[in-house]
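As C-alpha cells, the structure follows; a few thoughts come after it.
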C-alpha cells in the first residue's frame with residue numbers, strides 16, 4: 001500500500017450536527033494536538049481534513065454528504081494539499097459499507113466508538129499499513145478526564161458530556177443504534193474535567209448527553225444527578241450550569257427543588273416532549289402521556305417561577321390525525337415554551353417508525369409546521385415582553401455578528417448557538433470584554449432577541 005507523509009501536520013475540522021458530536025470532535029483534536037497536528041482555519045491549508053458527520057434526519061445526512069464532497073476537492077493538488085480525508089461520527093457508524101462504495105475519495109471512516117483511535121489510524125495510513133478503510137464497531141467508548149480535549153468553543157463556555165448512548169427506544173430515533181447503550185461517566189471524572197475547564201477560563205457549563213435524566217443508572221448509588229450537580233456547584237469559577245435533554249418522565253421533585261435553590265444551576269431546562277397527544281406519544285414509544293407532561297411543566301413553573309423551558313416537537317409523525325395535531329397545538333399554547341425546536345417527521349430506515357402505517361403527506365406536514373411555527377413566534381414575543389425594564393445578568397460574547405457598533409451576549413435563559421441574544425447598544429461598550437458577566441437593563445424586545453444597556457459591570 002502506498003505511504004502518505006504528513007509534512008506540515010495540519011488539520012482542518014468540520015463538526016456537523018449536535019453539541020455532543022462537537023465534544024467528540026474536540027477530543028479528536030486533543031489527541032491530534034498531542035501528536036503535533038496544528039488546526040488551520042481553511043481547508044486549503046490542511047494535510048488532513050476531518051468531517052465529523054450527523055445522520056439523525058434526512059436533512060442532516062444530505063448536509064454531511066455535501067460537506068464531504070466539497071472538501072474532497074482539496075485532495076486535488078491544484079486546489080489544496082489534502083493527503084487524508086477522514087469521515088467520522090454518526091453517518092460513518094450508520095453507512096460505512098455504502099459510503100466506502102460511493103465515496104472513494106474518503107481515506108478512512110471512523111465510527112462513534114472509535115474516535116479516540118484517530119492518531120494511531122493516521123499513523124497506519126502514513127506507513128501504508130492501513131489494511132481497511134472502515135473502523136466501525138459496537139460503540140463502547142466514552143471519553144474521561146484523562147483524554148485530551150481542545151475546547152473549540154469561546155473560552156468562557158463549554159459543553160460537558162456526562163454520558164453517551166441511550167436506553168430509550170423511541171420509535172423515531174436511530175441514536176441507540178448509532179451511539180449504543182447508556183454509558184455514564186463518574187461524578188469524580190466530571191468534576192475533575194469541570195475544574196480543568198474552569199482553570200482555563202470557562203464560566204458556563206452546559207451539561208449534555210443523549211438522556212440526562214438517565215444519568216448514573218448504570219453506576220453505583222453515589223453517581224447520580226443530585227451528586228453531580230452538587231459537585232459541579234462547588235467548582236470555583238463556574239457561574240452558570242445549564243441542563244439539556246432532561247426527559248419529563250424522570251423529572252422528580254428533588255431535581256426541581258435542587259434547581260430552584262441553587263445559585264449556579266440556571267433557571268433553564270431543555271426537556272424534550274415531542275408531542276402532547278397521548279395517542280402519538282404511545283406510537284413514539286414514549287412512556288408518558290400528554291397530561292403527565294403538562295403536570296410536570298406546571299410543577300416546574302410552580303416551584304421555580306420564571307424558569308426558561310426549551311423543548312423539541314415532531315410534527316407529522318405517522319398516524320398523527322388532525323385531532324392529534326390540535327392537541328399538540330393547544331399543549332404548546334398552554335405550556336408557553338420559551339424556546340421550541342420543531343422537526344418535520346422524516347422516515348429513517350432502521351427505526352420502528354419507518355414501518356408504521358398512516359404516513360402523513362408531506363404537504364400536510366409543511367402546513368402543520370408553519371402553523372406551529374407562527375404560534376410559537378407569538379408565544380415568544382409575549383414571553384419576551386416580561387423582560388422589558390428588568391435588569392438581568394448577561395454573559396458578554398463580543399461584537400455583534402452584523403456590526404462592530406453593537407455588543408452581543410446571552411442571559412441564563414439563552415443557551416449558546418441555539419437560542420436568542422441580548423444586544424447591547426447603549427453603553428461604553430469599549431470597556432466590555434468577551435466572558436464578562438454584567439448587569440443589563442432591557443429596553444427593547446425583538447422577536448427572539450432582547451436589546452439593552454449595561455448598568456453595572458460585575
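The values are calculated or read from the model by the stated rules, or taken from the named source; none is laboratory data. Note that the coordinates shown come from a computational prediction; the quantities given were computed from them, not determined experimentally. When we count neighbours, we look across all protein chains shown, and the Cβ atoms used for this are built from the backbone with ideal geometry, even at glycine.
Scan (1) more than 19 Å from residue 55 (Cα to Cα); (2) surrounded by 16 or more Cβ atoms within 10 Å (Cβ to Cβ) for the single condition residue 126 breaks and write down its number.
(2)
When only residues in segment 436-456 that are part of a strand (DSSP E or B) and touching a helix residue (DSSP H, G or I) at 6+ places or on another chain (Cβ under 7 Å) count, which is nearest to residue 409 (Cα to Cα)?
450
For segment 320-363, which residues satisfy the criterion of being outside any helix (DSSP H, G or I), modelled with pLDDT under 90 and out of contact with any helix residue (DSSP H, G or I) (no Cβ under 7 Å at 6 or more places or on another chain)?
349, 351, 357
When segment 16-44 is examined, which residues are found to be within 29 Å of residue 58 (Cβ to Cβ) and either modelled with pLDDT of 90 or more or part of a helix (DSSP H, G or I) (or both)?
Matches in segment 16-44: 19, 20, 21, 22, 23, 24, 25, 26, 27, 28, 29, 43.
Just checking, how many residues over segment 225-257 are closer than 22 Å to residue 167 by Cα and in a loop (DSSP other than H, G, I, E, B)?
Residues in segment 225-257 being closer than 22 Å to residue 167 by Cα and in a loop (DSSP other than H, G, I, E, B): 6 in total.
Kindly check whether there is at least one residue in segment 375-388 that is at pLDDT 90 or above and within 23 Å of residue 435 (Cβ to Cβ).
Yes - at least one qualifying residue is present in segment 375-388.
If I ask for residues that are in contact (Cβ under 8 Å) with a residue 40 or more places away in the chain and farther than 10 Å from residue 28 by Cβ, which ones from segment 112-122 would you list?
112, 113, 122
Taking the stated definitions as given, is residue 366 more than 21 Å from residue 171 (Cα to Cα) and in the same structural domain as residue 242 (by TED's automatic domain parsing)?
Spelling it out, residue 366 is indeed more than 21 Å from residue 171 (Cα to Cα) and in the same structural domain as residue 242 (by TED's automatic domain parsing).
For segment 199-224, name all the residues that are within 29 Å of residue 396 (Cα to Cα), under 20 Å from the mean Cα position of the chain (by Cα) and assigned to a helix (DSSP H, G or I).
212
Only one residue in 344, 368, 377 is out of contact with any strand residue (DSSP E or B) (no Cβ under 7 Å at 6 or more places or on another chain) and over 26 Å from residue 154 (Cα atoms). Which one?
377
Given the conditions (1) over 30 Å from residue 305 (Cα atoms); (2) surrounded by 14 or more Cβ atoms within 10 Å (Cβ to Cβ), which single one is not true for residue 343?
For residue 343, the exception is condition (1).
Checking the structure you have, find out if any residue of segment 313-327 is surrounded by 14 or more Cβ atoms within 10 Å (Cβ to Cβ), closer than 30 Å to residue 262 by Cβ and touching a strand residue (DSSP E or B) at 6+ places or on another chain (Cβ under 6 Å).
yes
Considering only segment 163-190, state which residues are touching a helix residue (DSSP H, G or I) at 6+ places or on another chain (Cβ under 9 Å), within 27 Å of residue 35 (Cβ to Cβ) and part of a loop (DSSP other than H, G, I, E, B).
185
State which residue is nearest to residue 65 (Cα to Cα) when the search covers only segment 78-111 and only residues that are in a strand (DSSP E or B) and without any contact (Cβ under 8 Å) to a residue 60 or more places away in the chain.
By that ranking, first place goes to 87.
Working carefully through the options 290, 306, find the one that is buried (at least 16 other Cβ atoms within 10 Å of the Cβ) and at pLDDT below 95.
Answer to the check: 290.
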